[in-house]
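First comes the structure, then the notes that go with it.
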Amino acid sequence: MKASTQKKVNKDSKGKQASPQKKGWKSIPMGGLIERGGTAKEYKTGEWRTFIPVRDEAKCINCMICWVYCPDSSIKTQDGKMTGFDMDYCKGCGICASVCPVKCIKMEKEEK
Ligand code: SF4
Ligand code: SF4
């Protein structure tokens, strides 16, 4: 006997599909509030990290692609050159290593 793949659908007394009860926006519970800008600086997201980016400086061509893609603004620069990572905020996501055109960033397990 074949197993049924059909989903169970709630139906009203006339056999029509019943819609879930809709709530108005006033009945939605209050969520978190961000009362001012720039608060992300107060949260050192680097503590979440498992992997750490390690750059081979000799191979780096300073193209800044890692700077463009880093979601945490953790690529440090000076005078148009990449100088390292801001470990207070780098979450170790590995995007920089993935987008680097010369593959000079490796992700390594961080020893804490
Ligand atoms: S993407 Fe790679 S080559 Fe480009 S600046 Fe970053 S580390 Fe250097
Ligand atoms: S690992 Fe992720 S958060 Fe850290 S520098 Fe690279 S892109 Fe940014």
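Only the coordinates and a few stated rules stand behind these numbers; no lab work does. Computed from a predicted model, the values in this text were never measured in an experiment. Counting neighbours? That spans all protein chains shown, and the Cβs are built from the backbone with ideal geometry, glycine included.
List of remarks:
- Residue selected from the stretch 91-108 under the condition closer than 9 Å to Pro53 by Cβ and touching a helix residue (DSSP H, G or I) at 6+ places or on another chain (Cβ under 6 Å), by the criterion farthest from ligand 1 (Cβ to nearest atom): Met107
- Restricting the stretch 26-59 to residues that are touching a strand residue (DSSP E or B) at 6+ places or on another chain (Cβ under 6 Å) and of a type outside the set (D, E, K, R), the residue that is nearest to ligand 2 (Cβ to nearest atom) is Pro53.
- Test result for Met82, hydrophobic (A, V, I, L, M, F, W, C), more than 8 Å from ligand 2 (Cβ to nearest atom), within 23 Å of Gly38 (Cα to Cα) and in contact with a helix residue (DSSP H, G or I) (Cβ under 7 Å, 6 or more places away or on another chain): no
- The stretch 54-79, subset closer than 25 Å to Gly38 by Cβ and in contact with a Cys (Cβ under 9 Å, 6 or more places away or on another chain), residue nearest to ligand 1 (Cβ to nearest atom): Cys66
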